[in-house]
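Visitor: Let me give you the structure first, and then I'll get to my questions.
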Amino acid sequence: MKNDDNSVKIDGIDKKILRYLMEDARKPILEIARQIGISGAAIHQRLRKLEKSGLIAGSKFVINPKVLGYTTMAYIGIFLDKAMSNPVAVKALEKIPEVLECHYTTGDWSILIKVLCKDNEHLMHVLNKDIQQIEGVSRTETFISLNQQIDRQISI
């Protein structure tokens, strides 16, 4: 199932199964099996192989944060005083619940994070009281997302 370059090789049936499940992870396996024309057991077997290969990293419910009152999404570039501060900063960022993603980056910033807050005041509090108080953080640069235009996974 793995190619020479360590990527996973999937066939047309695997792709169809994955497309159905990416569209709706709760779609019944038997319904997918009927639409594709193979048995439910064959689908389960293929899914187990895809999970074992690492291609499928799991399934999850997606929460709509706006329903909970979280309306301000921001990306924050974090400048650290020295590269040795990276692990310490990441451990501290993990403790801040508003931080959804954290990436080491190239360029000016050491770290880029994605945060979700209830409003701009909440964002300002997270910046001033949480992020900028982390040891090693010299400054931050914040970009507020006005509206997400594209939200998708890689196409199969």
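Visitor: In the list I10, I32, I17, which residue meets the criterion of being surrounded by 17 or more Cβ atoms within 10 Å (Cβ to Cβ), touching a Gly at 6+ places or on another chain (Cβ under 9 Å) and β-branched (V, I, T)?
Guide: Exactly one residue qualifies, and that residue is I32.
Visitor: So, D130, is that one surrounded by fewer than 10 Cβ atoms within 10 Å (Cβ to Cβ), free of Cβ contacts under 8 Å to residues at least 40 places away in the same chain and not small (G, A, S) or not?
Guide: no
Visitor: With segment 67-156 as the region, which strands (runs of 3 or more DSSP E) entirely inside it contain at least 2 residues that are under 30 Å from Y20 (Cβ atoms)?
Guide: Fully inside segment 67-156 and qualifying: 99-104, 111-117.
Visitor: Additional query: Part of a helix (DSSP H, G or I) and under 30 Å from V8 (Cα atoms): is that true of K49 in this structure?
Guide: Yes.
Visitor: Can you give me the number of residues within segment 96-127 that are without any contact (Cβ under 8 Å) to a residue 12 or more places away in the chain and closer than 21 Å to K66 by Cβ?
Guide: So the answer is 4.
Visitor: Whether any residue in segment 82-90 is surrounded by 10 or more Cβ atoms within 10 Å (Cβ to Cβ) and of a type in the set (S, T, N, Q) is what I want to check.
Guide: Yes, some residue in segment 82-90 is surrounded by 10 or more Cβ atoms within 10 Å (Cβ to Cβ) and of a type in the set (S, T, N, Q).
Visitor: All but one of (1) loosely packed, with under 12 Cβ neighbours inside 10 Å; (2) of a type outside the set (D, E); (3) over 19 Å from S155 (Cβ atoms) hold for I38; state the number of the condition that does not hold.
Guide: Unmet for I38, out of (1) loosely packed, with under 12 Cβ neighbours inside 10 Å; (2) of a type outside the set (D, E); (3) over 19 Å from S155 (Cβ atoms): (1).
Where a number appears in this text, it was derived from the coordinates with a stated rule and is not lab data. Because the structure is a prediction, the values reported are computed rather than measured. A quick note on method: Cβ atoms are made from the backbone with ideal geometry, for glycine too, and the neighbour counts reach across all protein chains shown.
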